[in-house]
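Values quoted throughout were computed directly from the atomic coordinates according to the rules given, and no laboratory measurement underlies them. What you see is a predicted model, and the numbers here were worked out from it, not measured in a lab. Virtual Cβ from ideal backbone geometry, glycine too; neighbours counted across all protein chains shown.
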Amino acid sequence: MDRPVKYHYGKFPPANIDWPKLVPLIGPANAALARYDATLSVIPNVNILLSPMTTQEAVLSSKIEGTQATMGEVLEYKAQGKSADISDSRKNDFNEVLNYRMAIRRSVNLLKDLPLCQRLICEAHRILMHNVRGADKTPGQYRRIQNHIGRPGCSIEQARFVPISFDKLQEGMSNWEKYIHNETVADRLVQLAVLHAEFEAIHPFLDGNGRIGRMFVPLFLNVSGLIKSPMFYISAYFEERRSEYYDYLLAVSRDNDWTGWCEFFLKAIEVQATVNQQKASAILSLYERKKAEIQNLTHSQYTVYALDFIFKNPIFKATSFSDSGKIPVPSARKILIDLYKGNIVKMLTPASGRRPAMYVFAELINTAEGKQVF
């Protein structure tokens, strides 16, 4: 039986990166990221328009860890609120995704007053693990015991990987934080690749490490000035290549192969920056088209309020639309009827008894997903 791979003591930061191998990948990755950032810069209300893409990132990042949920299911659950009649297991799946969104929003707000640091990471972890599976594993606090990674229930001798020992964890995280602010690294994307791999190797929390590590990616891109808004969605690439993702991370500790991991990561940035740019452009075009369509349908002064609502809430209850506070209730009811009759939104479930009708803005979800969902 193979022995588990153990954390790479004394080999961070890496001294053996083969820069000539990375140079052909650095340029295309940075160029793709710059094109995506240019698209971000012309999107009004970027937090509203790209909200579905943020949800999709949360879904895919959670899926890598085994959470089973689709974006549509999560949005419908969020719209239903406390009235959702589903099993506790499904609620956990959906709340893990929603917690991911809340954790990254909280992190963005903290960056107004804090640098990208351990305190911010711990706060993001506290929110991520709140009231879901793993809530009993000291949310927001580093582990005080040795952990290991392998199939469920395996012993440490049967593990695939053994992270840094708990007595060295704080030192490891301090070194990681110092490397965030190292201004001497030749390329920021390579620096980010190294930071992500090191965080996953340290595995500082008892649960949620993968999601926090992937959440770190857009935060670092933003504070480094590579993108103007901390909205970058990388998990699709990792989820589609999950085995490769884990193998390259493992090779860092097993073979000291930082270069192979960096090659994989740079390609992920290039591919996902291009996908993100295409989706963001498509969403912006959809927004402009629907603004004109809704104005022609409703002839209302509340067109933009209605438009922003359905972009932020692509699945919603009729009562939520009426009670949003942005539009007088009689006007909101009329506008919703117009949106439905004009095929802007579809009825997901009709009203029944005290339960209001549920609507879906299908074009937006389909655009964010990149396929026909509704």
> Hey, rough spin-label estimate for residue 352 and residue 305, points 7 angstrom out along Cα→Cβ, what's it come to in nanometres?
Replying inline: 3.2 nm
>> Which of 320, 243, 87 ends up with the largest GNM mean-square fluctuation for the chain, with Cα atoms connected below 10 Å?
In response: 87
> Looking at this model, which pairs from 137/168; 91/112; 11/279; 91/317 are more than 29 angstrom apart at the alpha-carbon?
Replying inline: 91/112; 11/279
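About its Cα centre, what dipole magnitude does the range 6-130 give when the only charges are +1 on Lys and Arg Cβ and -1 on Asp and Glu Cβ, stated in debye to the nearest 20?
Details: 15 positive and 12 negative charges, 68 e Å.
That gives the range 6-130 a dipole magnitude of about 320 debye.
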> So how strong a dipole does the chain carry about its Cα centre when Lys and Arg Cβ are +1 and Asp and Glu Cβ are -1, to the nearest 20 debye?
Replying inline: 1140 debye
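Over all directions, how big on average is the projection of the convex hull of the alpha-carbon atoms in the chain, in square nanometres? It would help to have the intermediate numbers written out before the result.
On the way: hull surface 78.6 nm².
Here the figure is 19.7 nm², rounded to one decimal.
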> How far apart, in nm, are the 7 Å Cα→Cβ label points at residue 334 and residue 105?
Replying inline: 3.1 nm
> Along the three principal axes, how long is the range 169-221 when you take its alpha carbons, biggest first, rounded to the nearest angstrom?
Replying inline: 33, 23, 14
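Using a Förster distance of 35 Å, how high is the FRET efficiency between residue 15 and residue 244, based on the Cβ-Cβ distance and rounded to 0.05?
FRET efficiency, residue 15 to residue 244: 0.90.
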> In whole percent, what relative contact order does the range 280-369 give with Cα contacts below 8 Å and a gap of six or more residues?
Replying inline: 31 percent
> Roughly what would the spin-label model give for residue 282 and residue 114, points 7 Å off Cα along C-beta, in nm?
Replying inline: 3.6 nm
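What's the FRET efficiency of residue 186 with residue 83 using the Cβ-Cβ distance as r and R₀ = 45 Å, to the nearest 0.05?
After rounding to 0.05, the efficiency reads 0.25.
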>> Using only DSSP helix segments of four residues or longer, with each worth -39500 (n - 2.57), what per-residue ellipticity at 222 nm results for the chain after dividing by its residue count and rounding to 500?
In response: -19500 deg cm²/dmol
> Peptides 348-360, 307-319, 123-135: what's the order by average Cβ count within 10 Å, highest mean first?
Replying inline: 307-319, 123-135, 348-360
>> Tell me which of 8, 145, 360 sits at the most positive position along the dipole axis of the chain, charges placed on C-beta atoms (Lys, Arg +1; Asp, Glu -1).
In response: 360
>> For a quick check, take a GNM of the chain with Cα springs below 10 Å and name the residue from 230, 24, 152 with the largest mean-square fluctuation.
In response: 152
> How big is the gap, in Å, between the Cα center of the range 43-91 and the Cα center of the range 318-342?
Replying inline: 23 Å
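Subtract the Cα-Cα distance of residue 255 and residue 155 from 0.36 nm times their separation in residues, and report this length gain in nm to one decimal.
Details: separation 100, 0.36 × 100 = 36.00 nm, distance 2.29 nm.
That pair, residue 255 and residue 155, stretches by 33.7 nm at full extension.
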> Which whole-number percentage describes the relative contact order of the chain, with Cα contacts under 8 Å and a sequence gap of 6 or more?
Replying inline: 25 percent
>> Projecting each Cα onto the charge dipole of the range 16-276 (Lys/Arg +1, Asp/Glu -1 at the beta carbon, about the Cα centre), which of 264, 17, 68 comes out farthest on the positive side?
In response: 68
>> So if I place +1 on the C-beta of Lys and Arg and -1 on the C-beta of Asp and Glu, and nothing else carries charge, what would the dipole magnitude of the range 280-369 be about its Cα centre? I want it in debye, nearest 20.
In response: 320 debye
